[in-house]
1. If I filter region 235-252 for residues that are of a type in the set (Asp, Glu) and either under 21 Å from PHE187 (Cα atoms) or surrounded by 17 or more Cβ atoms within 10 Å (Cβ to Cβ) (or both), do I get at least one hit?
2. Those residues that are touching a residue at least 12 places away in the same chain (Cβ under 8 Å), among the small types (Gly, Ala, Ser) and outside any loop (DSSP other than H, G, I, E, B), I need them from region 230-245; list them, please.
3. Any idea which residue in region 254-311 is nearest to the chain's Cα centre (by Cα), counting only those that are among the polar types (S, T, N, Q) and under 14 Å from ALA211 (Cβ atoms)?
4. Please list, ordered by first then second residue, the pairs with beta carbon atoms under 7 Å, 6 or more apart or interchain, first in region 89-113 and on the phi < 0 side of the Ramachandran plot, second modelled with pLDDT under 95 and β-branched (Val, Ile, Thr).
5. Is region 86-100 home to any residue that is under 25 Å from HIS353 (Cβ atoms) and within 17 Å of the chain's Cα centre (by Cα)?
6. If you scan region 326-352, which residues turn out to be over 19 Å from ARG206 (Cα atoms), of a type in the set (A, V, I, L, M, F, W, C) and touching a helix residue (DSSP H, G or I) at 6+ places or on another chain (Cβ under 6 Å)?
7. Condition first: closer than 25 Å to MET299 by Cβ, surrounded by 15 or more Cβ atoms within 10 Å (Cβ to Cβ) and among the basic types (Lys, Arg). Can you find one or more residues in region 139-154 that meet it?
8. Quick check on region 205-212. Is at least one of its residues surrounded by fewer than 20 Cβ atoms within 10 Å (Cβ to Cβ), more than 17 Å from PHE326 (Cα to Cα) and modelled with pLDDT under 95?
Amino acid sequence: MRIAFLCKRRYMGKDVILDRYARLYEIPAQLARLGHEVRGYCLDYHDDASARQQWQHDDAAPGALAWESQPAGCFKLSLPAYPWQLLRRLRDFRPDVLIGASDIPHVALAAWLARRLGVPYAVDLYDNFEGFGQARIPGFVPALRWATRNAGLVLTTSEPLRQLVLHDYRARGTVVSMPSSVDLQVFHPADKAAARERLGLPPHARLIGTAGGLYRDKGVEPIYQAWPHLAAEHPDLHLVLAGPYRPELPPPQGERVHYLGHLSHAQVAELFSALDVGIISILDTPFGRYCFPQKAYEMLACGLCVAVTDIGEMSTLFAATPQIMFQSGDAQGLAVAVTNQLSAPAAPAVAIHDWSALIGEIEPMLAGLVQPADVLH
């Protein structure tokens, strides 16, 4: 098959193309490795350059993977021209199927382009996009729902989101829950002492913490509120944090708090190997109720015990260990869950499938959207 994959360029603070990062890279890359010709078309919301950039990734055999990135900066006065420009590019490529991913504009764009090209399309929802700021733009939510409802295949990052798409969106196509996996070559159990030494962390203390966007809307505030109680209860406990933050909510201060700044993907894996308990705090919002935090799989793949919010997919994933869960926004409950893990560590057995296995299961469904006579080789 010829497959066109549409997404934004920047995802979770990473460059999808250059960093080859996570879900938005792995879906097209794994499809190429299954023998398909895949082209990724990215709109870069943060780049003000004027030239279109192109890359060919040579490790996609037996298929092919090429990327194009168009900066949104050069469209500030004519952004509506982008769909028509992309339509011309796709008419040259002649895809058999389109996949729209990453946010509302790219999902809606995939539906618009598919109708004009006369080809089927699929949608990948890595989160509940109605929880994004874009959803406040008039017309965006109806466009998202219409495009998702009429897609031949919809991938969701969690079962709660799948149920939302089935019942509220009234999806007509196949809807499959496919949580994001992690790179198991990067995230795996490692020597704790060595990881602490590389990160400059105290070798003999007990360490708790997290990594990612340290923002109020990402649920970090209950961690900060729980820390004074945990610090008083456990004199040997230290808090470790990594990731960007905003000035209005800085990390706690003190000699037992270690802020590591922005870490690379590999360094995040080292951090999760260095900790004794990882914290996954999620707010009870439209985003939080339907997300599947990639951080959960990253921590589990490193063999890290976790304390996690009892919400959405996390409630199901950790149902066998209720003592490690806490209610959203409950700092006291978070402290209790952390203390439980410190006193009697519990690591639920969760199978983490790699990306090749996940996409291998999805590929026949995608191929099923295409009539055999219409596939161009």
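The values are calculated or read from the model by the stated rules, or taken from the named source; none is laboratory data. Predicted, not measured: the structure shown is a model, and the values here were computed from it. For neighbour counting, all protein chains shown are included, and Cβ atoms are generated from backbone atoms with ideal geometry for every residue, glycine included.
1. no
2. Result: ALA231, ALA242.
3. Per the stated criteria, the residue is GLN294.
4. ASP96/VAL370; ASP96/VAL375; VAL97/VAL370
5. yes
6. PHE326, ALA331, VAL350, ILE352, listed by residue number.
7. The answer is no; no qualifying residue exists.
8. So far as region 205-212 goes, no, none of its residues is surrounded by fewer than 20 Cβ atoms within 10 Å (Cβ to Cβ), more than 17 Å from PHE326 (Cα to Cα) and modelled with pLDDT under 95.
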